[in-house]
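Asker: Below you'll find the structure I mean.
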Amino acid sequence: MRPLPRALVWVGLFTGFAAAPLAAQGRPLSAVGQQDLNFGSLIPGVPVTVSRFDPANAGQFEIRGQRDAEVQIELTLPAHLVAGASATLPLEFTSADGGIATDRTVGGTQSFDPRLPATVVLPGNGKAYVYLGGTVRPATNQAIGPYSATITLTVAYTGN
Amino acid sequence: MLRRTLLRRSRIPVLVLAALALAPVIADAILVSPHALFVTHEQRTSEIYLVNQGDEAEEVTVEFEYGYPVTDSAGQITMRLIPDPPADAPSAAGWLRAFPRQARVEPGQRQRVRIRANPPADLPDGEYWSRVIVTSRRAEQPVQMAGDTAVRVGITLQLRTITSLTYRKGEVSTGIQLDDFHVESVTADSIAAWVGLTRSGNGAFLGTVLLELHDAEGNVVRSWPTPAAVYYTVLRRFALDTAGLAPGRYILRLLVSTDRQDIDQRHVLPAGPIERTVEVEIG
């Protein structure tokens, strides 16, 4: 299958090119990751906190969907990053680390606890923005190695 | 010699676990369409489309799980997923299959997924529900090299999109009953209102809860339409932003109807509307 330019995909969705079911109903829901949650350089023993208001380092997602639709947002957040069989790097999120905006206000105009589900009503352009901060706590003897973890963002219309 | 040097270097209180970036979030999601799927017992098949809007290949899985939106004690709505529903639950999740169930979708591609229902032979008439859960993750995991410390860090981002699937057999009907409508509080810039709804019949109510604020002349000065689904009972709290409105008396109007802009009306079961008003004073 030949890749289609993104713009053409969108045109197709709303003109019936892609498939009749796509045009028969409202705008589909999707989420887009826009920026890493980036903790930069770490010094062992020194925790680093990234604020959700940090435009350069906060995690940023864009939610796209039907105007006036209500969307549930749920983040599944790991407690730590893992390296190898046993090395871990603690990762923490607090009730102030989540933010939602409908106007690209960095950090969000509405805070939410990223450990709990939240809802947002999509504005006229059908877009909302989710911001995520957090804290990593490297130990003084933090082992060197490749650390990894998974963050899951779940989105769902609440009106179906 | 080299090994010893490396060991010695790794024992140094490393100045930096360099470039430790939680790098999950640069993946684009898979768009799932349609967001509400309706399957009849006569057809037993349907399809969804997965569109990769991003710049990287995505690994996608399609699963089914019973669930529906519910409200909590604070009046907030959440999606309740029930992996092991009780035997009498109207769940279709156990007898739905997706083909393919897993796929790799290249950037710009769309993947058609056929959904087939294999219900029990003695399935009674009625409506059966499932959620379609599409999970996507970047096919190649992000890995970052961390300067001379050789720390590599990568976080996989998974994005899950949950859509609805409604399976109908035979006669299906719905209705809606208003259990509660009251204003909890009014401040200078917001109104908190509660709306309680219970559906009747054997099908979910799909419609819109419209709250409107009318001024003394009857003009609509604010409007808050919310697409709503009532599978059993909901009791919702609406926080309505009234900032900027002049102090005075207003009428808050509630209209619950089957009007939906985002779902083909052929799939929306008919139900009579409900309308109520309550007077509020702002400021």
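Asker: At a Förster radius of 51 Å, what calculated FRET efficiency corresponds to the Cβ-Cβ distance of B:Val278 and B:Glu106, to the nearest 0.05? Could the numbers behind the result be given before it?
Answerer: On the way: r = 54 Å, r/R0 = 1.06.
After rounding to 0.05, the efficiency reads 0.40.
Asker: Taking every eigenvalue of the Cα gyration tensor of the stretch A:27-157, multiplying by 5 and rooting it, what semi-axes result, largest first, whole Å?
Answerer: 30, 14, 11
Asker: Hey, with R₀ at 25 Å, roughly what FRET efficiency would A:Arg115 and A:Val46 work out to, going by the Cβ-Cβ distance, to 0.05? Walk me through the intermediate numbers first.
Answerer: Working: r = 24 Å, r/R0 = 0.96.
Calculated transfer efficiency: 0.55.
Asker: Another question about this same structure. Find, to one decimal place in angstroms, the Kirkwood hydrodynamic radius of the stretch B:174-282, where the mean of 1/r is taken over every pair of different Cα atoms and then inverted.
Answerer: Result for the stretch B:174-282, one decimal place: 14.4 Å.
Asker: Apply the Karplus curve 6.51 cos²θ - 1.76 cosθ + 1.60, θ = phi - 60°, to the phi angles in the stretch A:39-56 and return the couplings in whole Hz, x for Gly and Pro.
Answerer: Here the 3J(HN,Hα) series is 9, x, 7, 10, 10, x, x, 10, x, 10, 10, 10, 6, 5, 8, 6, x, 8 Hz.
Asker: Just counting partner chain Cβ atoms within 10 Å, what average do the residues of peptide A:35-46 show around their Cβ?
Answerer: Details: counts 2, 10, 7, 6, 6, 5, 10, 10, 5, 5, 1, 1.
Per residue, the average neighbour count from other chains is 6.
Asker: Now for a separate question. Pull up all non-local amide H partners of A:Tyr147: gap of 5 or more, or a different chain, and H-to-H distance under 5 Å with H placed in the peptide plane.
Answerer: Close amide H contacts, sequence-distant or interchain: B:Arg152, B:Val153, B:Gly154.
Asker: With a Förster radius of 45 Å, plug the Cβ-Cβ distance of B:Arg266 and B:Val70 into 1/(1 + (r/R0)^6) and report the FRET value to the nearest 0.05.
Answerer: 0.95
Asker: Here's a follow-up. Separation of the stretch B:210-283 and the stretch B:162-180 by C-alpha centroid, Å?
Answerer: 20 Å
Asker: While we're here: Residues of the stretch A:111-152 with amide nitrogen under 18 Å from the 7 Å Cα-to-Cβ point of B:Arg80?
Answerer: A:117-119
Taken together, the values in this text are just the output of simple stated rules run on the coordinates, not laboratory data. As the structure is a prediction and not an experimental result, all values here were calculated from the model. Neighbour counts are summed over all protein chains in view; Cβ atoms, including those assigned to glycine, are modelled from backbone coordinates with ideal geometry.
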